[in-house]
Amino acid sequence: MRWIFLFILIAMTTIGCAANCQNVEQQLDTCKATRTDLDLIIKKQDSTIRQKDMQLAEQNKTIEKLGLDIAELNRQLGISSNEKGRNDERVRDITAKVREYIQKQTRDNSNFLTDIALEDFVGDELIKRAHTGDEKMMIVNVAHPVPSGGQINGIGGYFAGPSHIVIKLLRPVGNDYVVVYSKELTFDAGISGKKYVDFDSPFIVKKGDILAYYFPGTVNVPYDSNIGTSTYFKMDSDEYAHGNRVASEDIWHANQDKRKYSLNYYGVFYTRVGSE
């Protein structure tokens, strides 16, 4: 009986050990599989890390190259800016010299034209005359119409003092006239004598246009009576603005004395005065 009991005990023990060993083997296999999976994951992560490191290295190289390019561009920009500054200074110097030359030529041409040269003077002699001192007068120079197409550059007069004049160009339209230009001139003539006043821009004229002088204040231009024309009249305010019509009967006044004023105008005309 004792041996039978021992045999049964040994068998049971053997069976339990076998079961336990089988469980241990299964656990070992599971651990091996898990370790293999972990190794694969680690290898993949290592590969990813190496790729990232390579990408970072390439990006660092690119950044370094860009830094060098930027430095080179800054160097070239500095050179260009310096050259541009020198060029700008050179251009400014040339521009100033050209402007000065043109201004000098303009002054010389103006002096040349005004002195004598190419301009014609149309009107009466600028001399001291017997009478002066009227106020608020409109004087229409019908005795000296524009000789041909061209331009009027200014007026001349024998002025006895400071003057304020509104110069008007009247163009014939049928029996009347239309004001095609109206320009105010204010100047100090200084001592009494002959003076020429340039327009800031010329009057473009046609043959037969006539010039009128409106003095809203004192008429500081002398005149002789009983000679010349009777185309002058009193006018308290300027009634003939640019574009207005002037009736012939407003200009001609047959019942008043004739007058000749020391006024004329000058300009460049297609046909020389006196050549027709």
Exercise for review: For Asp39 and Asp88, compute 0.36 nm times the residue count separating them, minus their Cα-Cα distance, and round to one decimal in nm.
Suggested key: 10.5 nm
Check your understanding: Is there a pair in Lys44/Lys65; Lys183/Lys234; Lys206/Lys260; Lys128/Lys206; Lys104/Lys194 whose C-alpha atoms are over 21 Å apart, and which pairs would that be?
Key -> Lys44/Lys65; Lys206/Lys260; Lys128/Lys206; Lys104/Lys194
Review point. What is the extension gain from Asn175 to Ser192, computed as 0.36 nm multiplied by their sequence separation minus the C-alpha to C-alpha distance, in nm to one decimal?
Key: 2.3 nm
**Study point:** Neighbour-count order for Phe187, Phe233, fewest beta carbons within 10 angstrom listed first
**Key:** Phe187, Phe233
Practice item. Compute the Rg/Rh shape ratio of the range 121-269: radius of gyration over Kirkwood radius, all on alpha-carbon atoms. Key: 0.92
Exercise for review: Run the numbers on the range 121-269 and let me know its relative contact order in percent, using alpha-carbon pairs under 8 Å that are six or more apart.
Suggested key: 41 percent
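Counting other beta carbons within 10 Å of each residue's own, what order do Thr36, Thr231 fall into, fewest first?
Lowest to highest Cβ neighbour count: Thr36, Thr231.
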Check your understanding: So how much slack lies between Lys206 and Asn60, counting 0.36 nm per residue of separation and subtracting their Cα-Cα distance, in nm?
Key -> 44.4 nm
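All of the numbers you see were taken from the coordinates with simple rules; none came from a lab. Every value quoted in this text rests on a predicted model; they were computed, and no experiment measured them. Note that each Cβ is placed from the backbone with ideal geometry, even for glycine, and that neighbours are counted across all protein chains shown.
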